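A short worksheet on the structure shown next.
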Amino acid sequence: MNKYELAVIVSAKVEDDVRTSTIEKVKALVTRFGGTITNVDEWGKKRLAYEIRKMREGFYYFIQFDSDADCPNEVESRIRIMDNVIRYLCVRQDS
């Protein structure tokens, strides 16, 4: 089992309940592919470093989880097609 951190930026233009359901879907994907979520850190609304899809702000979430090496690839391939997710990045944390 490896430790991973998934950073997800959700569009600031969506409603609170849509944003919450988007993050719940991401967490469900992690558990569906064999990951165990250890921590979810919500940073809230932040200004983006540069404009993405004509948006200047987004909601930042950091999800730490433990899983096998296959899980991050599967999760990223599903997150890639989510409309409300502006950017994402999954990195392996050193033990």
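The values are calculated or read from the model by the stated rules, or taken from the named source; none is laboratory data. The shown structure was predicted, so the numbers you read here are calculated from the model rather than taken from an experiment. When we count neighbours, we look across all protein chains shown, and the Cβ atoms used for this are built from the backbone with ideal geometry, even at glycine. Calculation scope for accessible area: heavy atoms of the full protein, side chains included, ligands and nucleic acids excluded. Shrake-Rupley method; radii C 1.70, N 1.55, O 1.52, S 1.80 Å.
Here are the numbers for this structure:
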{"read-out": "The listed residue being of a type in the set (A, V, I, L, M, F, W, C) and either in a helix (DSSP H, G or I) or open to solvent by 90 Å² or more (accessible area, probe 1.4 Å) (or both), out of 18, 14", "value": "18"}
{"read-out": "Residue within the stretch 29-41 that is loosely packed, with under 14 Cβ neighbours inside 10 Å and either touching a His at 6+ places or on another chain (Cβ under 6 Å) or hydrophobic (A, V, I, L, M, F, W, C) (or both) present", "value": "no"}
{"read-out": "Positions within the stretch 54-71 being more than 16 Å from residue 6 (Cβ to Cβ) and not in a strand (DSSP E or B), in sequence order", "value": "54"}
{"read-out": "Residue among 15, 51, 74 that alone is farther than 15 Å from residue 1 by Cβ, modelled with pLDDT under 95 and touching a helix residue (DSSP H, G or I) at 6+ places or on another chain (Cβ under 8 Å)", "value": "74"}
